[in-house]
Each structure stands twice: as C-alpha cells, then as structure tokens.
C-alpha cells in the first residue's frame, strides 16, 4: 500500500468515529499524477447524493507530460462503494454534527483508493485538550527514555 496523500488536519479538527475504504473513478492523467504523489486533500469532503458518493475539492495536479486532454484539477470525482455501504454511511452522515471526510488516498495493488472517515467536529476546547494530552505523553516518553 503506497500512500499518496494524507489529510493530517482532519485528525486535529474532527473526531474520527468510523473509517471506510472506497475506490475512485479517475481518468488516465489523474492516475499518473497520483502515482507522482501530486494530490492534496486539504478542504476536501465527501457527499452522498442520489445514492452515489462523490469526493469534492480534492486537488489532483494536472499531469506534467499530459497534453490538451489533461484533467481539471478540482473536478468532482465519483467514489465506488457497495449499495449497503452507501446506505449505511448516508444514514450516519445525516445525523446532526457528522461529516464525511477523506483521510488519505493510496494505491492498493493497481487501484487508487480513498479512506473516508465518519467524523464529528471538535470544539475549540476539545482541540486544546488533545494538544495538552499529546504534549504530556511526549514529556512522559522523554522522562522514560532518559532514565
């Protein structure tokens, strides 16, 4: 599994409650650009519309050796899931406070996959608590290492 892009900000801004793997419908130049590692998941999100799942605002840079048929960098991309999975995440995402966030794009074999997280937004004080806990854990690690 080769990770192409990760959404690090997602773990800071959201509490991830469940993850799901989905395939992506891509054009040839998008796949080549992903293999070069030219993707950005910042500010991207997932929606369910008419029993189909779409990835929005995901930036995949145009392929450098592409011609006039190169792709649009921020086009809406369809995600591939089973009907039961779509129905399940549609019900959960419809609840108040929940969002569908792409966490990472990676290659599994020759197929490009995206990991979707069912996320609940964190409040400002929750973010501060997370940072304090992480720093305390680092201090404990340092103290244990120096002994």
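No lab work stands behind these numbers, since they all come straight from the coordinates. Keep in mind that what you see is a predicted model, and the values were worked out from it rather than measured. Glycine gets a Cβ as well: all are built from the backbone with ideal geometry, and neighbour counts include every protein chain shown.
Some values worked out for this structure:
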{"item": "FRET E, pair residue 136, residue 13, Förster distance 25 Å, beta-carbon r, rounded to 0.05", "result": "0.75"}
{"item": "Cα gyration tensor shape for the chain, rounded if a/c is under 1.5, else prolate or oblate", "result": "oblate"}
{"item": "Relative contact order %, the chain, counting alpha carbon pairs below 8 Å whose residues are six or more apart", "result": "32"}
{"item": "Nearest-ten-degree value, helix 83-93 long axis tilted from longest Cα axis of the chain", "result": "50"}
{"item": "Kirkwood hydrodynamic radius over Cα pairs of segment 35-83, then Stokes diffusion coefficient at 37 °C and 0.692 mPa s, in µm²/s", "result": "271"}
{"item": "Within the chain, helix-based [θ] at 222 nm, where runs of 4 or more DSSP H residues each add -39,500 (n - 2.57), nearest 500", "result": "-10000 deg cm²/dmol"}
{"item": "Helix 124-146 axis, angle to the chain major axis (alpha carbon atoms, nearest 10°)", "result": "70"}
